[in-house]
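S.K.: My structure is below; once you've seen it, I'll send some questions.
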Amino acid sequence: MRARSTEVEKMRRGLFVGRFQPFHYGHLASIKQALEECDELIIVIGSAQYSHTFENPFTTGERIEMIRAALLEEGIDLKKIVLVPVPDIGEHSIWVSKVKSLCPSFDVVYTNNSLVRRLFEEEGFQVKSTELYRRDLEMGTAIRERMLRREPWEELVPKSVADYIKKIRGVERLREICRKTD
């Protein structure tokens with residue numbers, strides 16, 4: 001019997017978790033860093049069941065659209081990307097099992113979230129941090145707060161993401177959800 005191709009065996013696949021509410025330059029920087037080390041990257045869209053709240057204003061489908069548009073804008077080959085929505089299950093001790101059941105196999109996890117790091121390390125995974133982009137900002141929260149205050153936010157996201165949010169009237173949705181009418 002002939003041995004399997006070593007090409008498949010050598011492939012290194014990473015996993016990157018985020019909520020992407022919205023997708024911003026910090027996410028893009030982390031993804032680019034992970035792709036420097038991996039052949040493929042699984043992007044887990046966390047809290048997939050939530051939308052229409054301040055913390056999670058965008059649907060999973062909208063987040064997928066944003067991610068794909070931003071990666072294409074950056075020239076990233078989407079054949080190297082696997083997008084997987086993962087809902088929160090409310091129990092940290094079994095969350096990694098849920099992620100594993102929904103995703104293709106992976107070799108390394110990229111995160112700067114201390115809880116995500118701990119959960120995957122406890123399950124024996126190699127976990128790497130990524131360089132923080134604009135560490136002075138909690139990017140997603142800052143973007144949503146700027147939207148509410150009618151302050152410039154577009155500079156924190158790729159142009160394709162800003163265009164998409166405007167197309168779906170995402171800022172108006174967020175303001176309506178939060179009842180900000182000033």
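Residue-wise test of (1) modelled with pLDDT under 95; (2) part of a helix (DSSP H, G or I).
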{"site": "K32", "(1), (2)": "no, yes"}
{"site": "N56", "(1), (2)": "no, no"}
{"site": "A69", "(1), (2)": "no, yes"}
{"site": "I76", "(1), (2)": "no, no"}
{"site": "G90", "(1), (2)": "yes, no"}
{"site": "E131", "(1), (2)": "yes, no"}
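S.K.: Still on this model: Looking only at the stretch 39-95, which residues are touching a Gly at 6+ places or on another chain (Cβ under 8 Å), open to solvent by 30 Å² or more (accessible area, probe 1.4 Å) and more than 15 Å from R19 (Cβ to Cβ)?
M.R.: E40
S.K.: Please verify whether the stretch 59-66 includes one or more residues that are of a type in the set (A, V, I, L, M) and in contact (Cβ under 8 Å) with a residue 40 or more places away in the chain.
M.R.: yes
S.K.: I need the full set of residues from the stretch 157-174 which are crowded, with 19+ Cβ neighbours inside 10 Å and either assigned to a loop (DSSP other than H, G, I, E, B) or at pLDDT below 95 (or both), in order please.
M.R.: The answer is V157, P158.
S.K.: Please pick out the residue among Y50, Y25 that is over 12 Å from the mean Cα position of the chain (by Cα) and either at pLDDT below 95 or not hydrophobic (A, V, I, L, M, F, W, C) (or both).
M.R.: Y50
S.K.: Condition (residue is part of a strand (DSSP E or B) and within 14 Å of L35 (Cβ to Cβ)) applied to the stretch 97-106: is it met by at least one residue?
M.R.: No.
S.K.: Related question: Keeping to the stretch 107-129, report how many residues are open to solvent by less than 50 Å² (accessible area, probe 1.4 Å) and assigned to a helix (DSSP H, G or I).
M.R.: Going through the stretch 107-129 one residue at a time, the tally reaches 3.
The values are calculated or read from the model by the stated rules, or taken from the named source; none is laboratory data. Please read all numbers here as calculations on a predicted model, not as lab measurements. Because the Cβ atoms are built from the backbone with ideal geometry, glycine has one as well, and the counts that use them run over all protein chains shown. Note: areas computed on protein heavy atoms with side chains; ligands, DNA, RNA excluded. Shrake-Rupley method; radii C 1.70, N 1.55, O 1.52, S 1.80 Å.
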